[in-house]
Structure formats: structure tokens, C-alpha cells
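Shown next, in C-alpha cells, is the structure this report addresses.
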Amino acid sequence: MNISISKEVRARCPEAALGILQYEAQVAPSSSALLELFEHTLRELSECHTLASIAQIPHIAATRSAYKALGKSPHEYRNAAEAMLRRIVKNNGLYHINNVVEINNLISVSSGYSIGSYDVSQLQGDVILARAGEGVHYEGIGKASVNIEYLPTLCDALGPFGNPTSDSQRAMIQKGRRSILSVLYAFDGKGDLELWLDRFSQLLRQWCGVDTVETRIV
């Protein structure tokens, strides 16, 4: 699968990069041990951050700046890493979905990168990170309609399916043996993407029945 970043996004956000993982996983409810690790990490993060400090986390700050450059308010449309950390600091916790999504979210809140994981069987053709056009919406996960206008958005031959704020229903991760694409959205260069790709890969092997993970940076 060819994955690229559009010229418009490159022009407005010169440091844009994507950390890519492709793998096959056994998607299932998270084990008690994984949930214990998940909740322990959330408790640690709740003690490390305040609502005021979250927006200053480097990768989150870079995503907020990218939203402004693309014409989207980072206050009205918070990126997923920021939104989840705000829930954690408010002691509202995060939902338990499945093992892959738990690891996705664990890496996201630990690193500050917003991350999306997508069912490859629901994608078609090449994938590009582009600036969504005026008035564009899609059916979101748990939401009837998400306004993705001007957001940096992953698109395939069928249209938009994911962005750093909210993903579409089309490629959401469901139970069973799945071929999955996970994307770390970075707007401050390649930085420590490789480190977090390695950590993500380790957790997938440990908790999701994954044998091989292909990683690369775009």
C-alpha cells in the first residue's frame, strides 16, 4: 500500500510526517493484565499533567499548530491525544474497546502523537494525507456525523476515513483476525517516531498475537 502526504499539507505543514505500522492481529477484548497496564499508565499520566500543561506537550503543540495552518480551530476540534489526556487529568478515564485500540490509545497518550488504526480490508487503493475540503463530513465512530473540513485527513480511493481528531466508522477495528494499518500523525518532523513505532510493535507482539510488524516513516 502506497502512503503519501499531499503537496498542500507539505506546503502548510512542512514538518508533517507519518509513522506507519502494518500487521495482522487477533483483535479481542483486552486481557486483565493489559487493562492493568493501561490503567496504571493512566494514573501515572494524571499525576504528571495538568489541563494547562497538556497543550504544551511538544507533539500535541505541533498538531495544534498544524490545525491552525490548515484552517481548523484546535480549540473546537482537539486532536485525539490531547482530548484523551484531558479526560485522564479530569479523572474521567478512557473507554475499554479491544486490545488493539487499547494499545493504540496507550501509545498515543504516552507519546503525545494522535494515532489511528484502520482495517485494511475496508480500504481501497493508495492512501494520502490531504487537507479535507470545505464542508466535508463522514460518519464517525460513535458519532452520527463528524465535520472534517480542513483537517489533515487520510483518504483512499473511496474517500476520507481517518484524521488526528476522529476516525470514520468505515475502517474501524472490530473483533477477529484483522489486517491493520496504524498511523502516528506527526507534525514536528520524524523526531522520535522510530522509538514509538518500536514500542507500539513490542506491545502488539505481547498482547495481540502479532508475529510480524512492518514499520516505516513517510
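The values are calculated or read from the model by the stated rules, or taken from the named source; none is laboratory data. Just so you know, these numbers come straight off a predicted model, no measurement behind them. Cβ: placed from backbone, ideal geometry, glycine included. Neighbour counts: every protein chain shown. Calculation scope for accessible area: heavy atoms of the full protein, side chains included, ligands and nucleic acids excluded. Shrake-Rupley method; radii C 1.70, N 1.55, O 1.52, S 1.80 Å.
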Assigning unit charges at the beta carbon (Lys, Arg +1; Asp, Glu -1) and nothing else, what dipole magnitude in debye, to the nearest 20, does the stretch 8-52 show about its Cα centre? 200
Applying a 10 Å radius around every beta-carbon, put 122-131, 100-109 in order of their mean neighbour count, most first. 100-109, 122-131
Within the stretch 5-20, name every residue whose backbone N is under 18 Å away from a label modeled 7 Å from Cα of S110 along the Cβ vector. 19-20
Counting alpha carbon pairs within less than 8 Å and at least 6 residues apart, what relative contact order, in whole percent, applies to the stretch 117-218? 26
Can you sort E76, E214, E82 by solvent-accessible area, 1.4 Å probe, largest first? E76, E214, E82
Mind checking which aspartates and glutamates have their Cα closer than 16 Å to the Cα of K90? Skip sequence neighbours fewer than 8 apart in that chain. E39, E44, E47, E82
Multiply the residue gap between D211 and Q26 by 0.36 nm, knock off their C-alpha separation, and tell me the result in nm, one decimal place. 65.5 nm
I'd like the accessible area for C48, computed on protein heavy atoms only with a 1.4 Å probe and all protein chains in place. Round to 10 Å², please. 100
Any chance you could run the full-extension gain for S53 through K7? It's 0.36 nm times the residue separation minus the Cα-Cα distance, nm to one decimal. 13.3 nm
Within the chain, helix-based [θ] at 222 nm, where runs of 4 or more DSSP H residues each add -39,500 (n - 2.57), nearest 500: -11000 deg cm²/dmol
Local net charge near D198, Cβ-Cβ under 14 Å (Lys/Arg +1, Asp/Glu -1): +1
Collect residues whose amide H, placed 1.01 Å from N in the peptide plane, falls under 5 Å from the amide H of S4; neighbours closer than 5 in sequence don't count. V127, I128, L129
Within 10 Å of each candidate Cβ there may be at most 12 other Cβ atoms; applying that plus a DSSP loop requirement, which chymotrypsin sites (Phe, Trp or Tyr not before Pro) in the stretch 70-148 survive? Y95
What shape does the stretch 113-218 have by the C-alpha gyration tensor, where a ≥ b ≥ c are the square roots of the eigenvalues, rounded means a/c under 1.5, and otherwise prolate means a/b greater than b/c and oblate the rest? oblate
To the nearest 20 Debye, how big is the dipole of the chain about its Cα centre, given +1 on the beta carbon of each Lys and Arg and -1 on that of each Asp and Glu? 340
Name the long-range amide H neighbours of H137: under 5 Å, sequence gap of 5 or more, or other chain; modelled H, no Pro or chain starts. I148
Quick note, the stretch 159-218: a/c under 1.5 would make it rounded; otherwise a/b > b/c is prolate and the rest oblate (a ≥ b ≥ c, C-alpha gyration tensor); here it is oblate
Mind sorting out which of (1) 18; (2) 33; (3) 13 is the real percent of Cα pairs over 31 Å apart computed from the coordinates? (3)
Roughly how many Å² of L195 are accessible to a 1.4 Å probe, to the nearest 10? 100
